[in-house]
Amino acid sequence: MPGSAIGHSTHPLNLRKGPLLSIIWNTRVETPSDIEPLRDITRDAFGREYEVTFLDDLRADPVAWIPGLSFVVTAPDGKPIAYTLLTRCHVGDVPVLSLGPVAVLPAYQGQGAGGAAVRAALTTARDRPEPAAIVLGHAEYYPRFGFRQATEFGIHHPQYDGPNLMAIALGNQAVPAGALTYPVTG
């Protein structure tokens with residue numbers, strides 16, 4: 001349901017000169033009014049238009065885009081400050097989910113907002129029929145959510161093979177092995 005709350009995520013924040021604080025991030029499903037702010041977050045987080053165009057291309061693709069699978073993290077005042085989304089890709093002929101981009105406004109990076117978005121996405125993904133999710137991202141970051149190198153599952157991509165291509169099982173189904181294909185490439 002658009003705009004519905006997904007949950008809260010608490011992340012300890014150490015300001016180095018003060019006490020340890022906890023930030024509670026609110027997460028919800030994207031609404032139509034979020035589209036422009038999410039484009040701005042993407043531009044600010046990545047510092048270029050490439051990822052904004054990729055986001056627009058994902059939204060426009062009827063194979064990749066899955067309504068209701070874009071997750072927004074808001075500041076206490078309700079302002080969107082981070083997001084991620086799940087789109088469709090395939091391993092062999094099996095539909096799986098692709099996580100990303102994950103984007104956080106620079107002023108909020110390192111405070112758990114991106115992690116809150118990822119956790120909301122994975123929580124929802126576990127209730128879907130796809131057996132796995134794929135991410136192409138920092139090999140040091142995504143294992144904390146349960147991602148492992150895609151090659152451990154027998155998943156490969158001619159351009160992206162390596163430690164930054166990761167997968168996670170979402171349910172009791174076997175993770176498919178084979179060639180990874182994206183309907184939209186950045």
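The values are calculated or read from the model by the stated rules, or taken from the named source; none is laboratory data. As the structure is a prediction and not an experimental result, all values here were calculated from the model. Cβ coordinates were reconstructed from backbone atoms using ideal geometry, including for glycine residues, and neighbour counts include every protein chain displayed.
In table form, for the structure just shown:
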quantity	calculated
Members of the range 145-186 found to be among the hydrophobic types (A, V, I, L, M, F, W, C), surrounded by fewer than 20 Cβ atoms within 10 Å (Cβ to Cβ) and under 13 Å from Val94 (Cα atoms), listed by number	Ala174, Ala177, Ala179
Unique residue being surrounded by fewer than 19 Cβ atoms within 10 Å (Cβ to Cβ), on the phi > 0 side of the Ramachandran plot and either without any contact (Cβ under 8 Å) to a residue 60 or more places away in the chain or in contact with a helix residue (DSSP H, G or I) (Cβ under 9 Å, 6 or more places away or on another chain) (or both) when the list is Gly100, Gly110	Gly110
Filter pass, Thr84 being in contact with a Gly (Cβ under 9 Å, 6 or more places away or on another chain), buried (at least 21 other Cβ atoms within 10 Å of the Cβ) and among the hydroxyl-bearing types (Ser, Thr, Tyr)	yes
Among the candidates Asp161, Asp127, residue that is out of contact with any strand residue (DSSP E or B) (no Cβ under 7 Å at 6 or more places or on another chain) and farther than 26 Å from Arg28 by Cα	Asp161
Strands (runs of 3 or more DSSP E) wholly inside the range 1-92 that include at least 2 residues being over 22 Å from Gly112 (Cα atoms), at pLDDT 95 or above and within 15 Å of the chain's Cα centre (by Cα)	80-91
Any hit, the range 109-119, residues being at pLDDT 95 or above, among the charged types (D, E, K, R) and not in a loop (DSSP other than H, G, I, E, B)	yes
